[in-house]
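The values are calculated or read from the model by the stated rules, or taken from the named source; none is laboratory data. Just so you know, these numbers come straight off a predicted model, no measurement behind them. Glycine also receives a Cβ, built like all others from the backbone with ideal geometry; neighbour counts cover every protein chain displayed. Heads up: the accessible areas ignore ligands, DNA and RNA and are worked out on the full protein's heavy atoms, side chains in. Shrake-Rupley method; radii C 1.70, N 1.55, O 1.52, S 1.80 Å.
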Amino acid sequence: RDSIIYAACGAGKWSEAATIFRDLVDPDIAGYTPVDIDVANPSGLYAITKRALQSGDHHSVAEQVMDAVMSMSMVSPTDQEKYILAAGNALGRAGVWKSLL
């Protein structure tokens, strides 16, 4: 699925990439499988960020990203710090890191 998310992001299909990623991290859909996320290139979290910005929902961008982080952290609490760093990176790349404050 990672390659599909990367391809969708590369094509600017933020909604599709975000939906695939959300399905990947949702314990009700994917089960309790930990997600290995690249902190330097968190494409799924970046797709969620871009989808929110594209839809004009600037106020809940960080909330949507952190919801995904919470889902991932429930499955793998030991990776929570990595997920939070990845979220900060994704929001920073989109220029909305201040929304975390």
- Note on the structure: Matching residues in segment 57-93 (within 22 Å of S15 (Cβ to Cβ) and open to solvent by 30 Å² or more (accessible area, probe 1.4 Å)) number 11
- Item | Among (1) aliphatic (A, V, I, L, M); (2) open to solvent by less than 20 Å² (accessible area, probe 1.4 Å); (3) not in a helix (DSSP H, G or I), the one test that V39 misses | (2)
- Message: Please count how many residues of segment 1-22 are open to solvent by less than 60 Å² (accessible area, probe 1.4 Å) and either within 14 Å of the chain's Cα centre (by Cα) or at negative phi (or both).
- Response: 9
- Message: For segment 83-101, give me each residue that is touching a residue at least 24 places away in the same chain (Cβ under 8 Å) and within 17 Å of S60 (Cβ to Cβ).
- Response: A87, A90, L91, A94, V96, S99, L100
